[in-house]
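The values are calculated or read from the model by the stated rules, or taken from the named source; none is laboratory data. Small disclaimer: the values here were computed from a predicted structure and weren't measured. Because the Cβ atoms are built from the backbone with ideal geometry, glycine has one as well, and the counts that use them run over all protein chains shown.
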């Protein structure tokens, strides 16, 4: 028999359905519930449909914690990126500065080199129609202000304002040797390396026998026979001058005038340029070189010791042959902006210069180069 019993559970009323059953051998009857008694929690019967998900307060707390953690991650990322950018800028600036100094120093050190000829002796220039600038080989090294270049010297790209230009003249290239004494208007050479004879038509070369040296322009060069000709009308024993007659074994080397200067490249960035000779175009060799300052050491009393230094304006035209060393200052900047936190100042040309607002990293590189054979 089904009955509905009202029970008092934990101080609360509850309705349950049960079936009345008699216990064997007794007169007792019990009510067996057909449904489970609702659970009790804190003295109250829980609802059948419990709450699912997060409350608004819990969601806001979770979001706040997430934002704090995300902010920490972003801060670590930004700090790492700043450190990486700074280290990368420092590495590139130092690499560019060292390479630029090495390029210029290598040529400046060999200024005036004319084979085995003593550096204190000047070669004889026997070019029929020499250029006042490109063929001025008796002046082995010289500096110019970018605003005071010789007339007719048009460099492309043009040198940047308030920068210095370095000019170096010397024998450069493959060594050749005379196979026999020179004849009138011709010399027969042999190659000094496995590259063969590399002398070309219309190229300036020097013939040197350690006693004298003569620079001339090649009219024709036969790389098969080794015979090179000129139109100077000298050679063949007609004169006793050591700069006109050369025996077998004398050196024959190409000579070149090389310029180093600062200009703006096609991307609007400052760069170090090199120009070899009057024909070849200037070549960008190092980007990021912003300025170059030159000063020169002279042996004013011919005792083989550098005793005075002066900038370009402090050296007269007749004093350049006495120059025995050059001090090179290069200002190099990073490729990226906003590398340093504050505007950076630097010392250049003996003065403290406030940097621009681009916050690029800047560093000054300085090197003192002694010209070989000019000082004791």
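Counting residues that are crowded, with 20+ Cβ neighbours inside 10 Å, which strands (runs of 3 or more DSSP E) fully inside segment 242-342 reach at least 1? Give the derivation first.
On the way: elements: 251-264, 270-276, 283-287, 289-298, 308-311, 323-333.
Those strands (runs of 3 or more DSSP E) span 251-264, 270-276, 283-287, 289-298, 323-333.
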(message) When the residues of segment 352-376 are narrowed to those that are within 24 Å of the chain's Cα centre (by Cα) and surrounded by fewer than 15 Cβ atoms within 10 Å (Cβ to Cβ), which ends up farthest from residue 100 (Cα to Cα)?
(response) 357
(request) State which residue is nearest to the chain's Cα centre (by Cα) when the search covers only segment 116-142 and only residues that are within 19 Å of residue 376 (Cα to Cα) and assigned to a loop (DSSP other than H, G, I, E, B). (result) 140
(message) Yes or no: segment 212-225 includes at least one residue that is closer than 24 Å to residue 283 by Cβ and part of a loop (DSSP other than H, G, I, E, B).
(response) yes
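Which members of segment 343-376 meet the condition of being touching a residue at least 24 places away in the same chain (Cβ under 8 Å), over 30 Å from residue 117 (Cβ atoms) and part of a strand (DSSP E or B)? Talk me through it step by step, then tell me what you get.
Initially, segment 343-376 is screened for residues touching a residue at least 24 places away in the same chain (Cβ under 8 Å), giving 348-349, 360-376.
Checking the rest, the ones that are also over 30 Å from residue 117 (Cβ atoms) come to 348-349, 360-366.
Residues satisfying the conditions are 348, 362, 363, 364, 365, 366.
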(request) Restrict the check to segment 183-200 and report whether at least one residue is surrounded by fewer than 21 Cβ atoms within 10 Å (Cβ to Cβ) and closer than 23 Å to residue 121 by Cβ. (result) yes
(message) Which condition from (1) out of contact with any strand residue (DSSP E or B) (no Cβ under 7 Å at 6 or more places or on another chain); (2) at positive phi is the one that residue 173 breaks?
(response) (1)
(message) Can you tell me which condition residue 167 does not meet? The list is (1) assigned to a strand (DSSP E or B); (2) over 30 Å from residue 353 (Cβ atoms), and all the others hold.
(response) (2)
(request) Output the residues belonging to segment 203-235 that are touching a strand residue (DSSP E or B) at 6+ places or on another chain (Cβ under 7 Å), modelled with pLDDT under 90 and on the phi > 0 side of the Ramachandran plot. (result) 235
(request) Specify the residue that is surrounded by the most Cβ atoms within 10 Å (Cβ to Cβ); the eligible residues are those in segment 89-138 that are free of Cβ contacts under 8 Å to residues at least 24 places away in the same chain and farther than 25 Å from residue 279 by Cβ. (result) 95
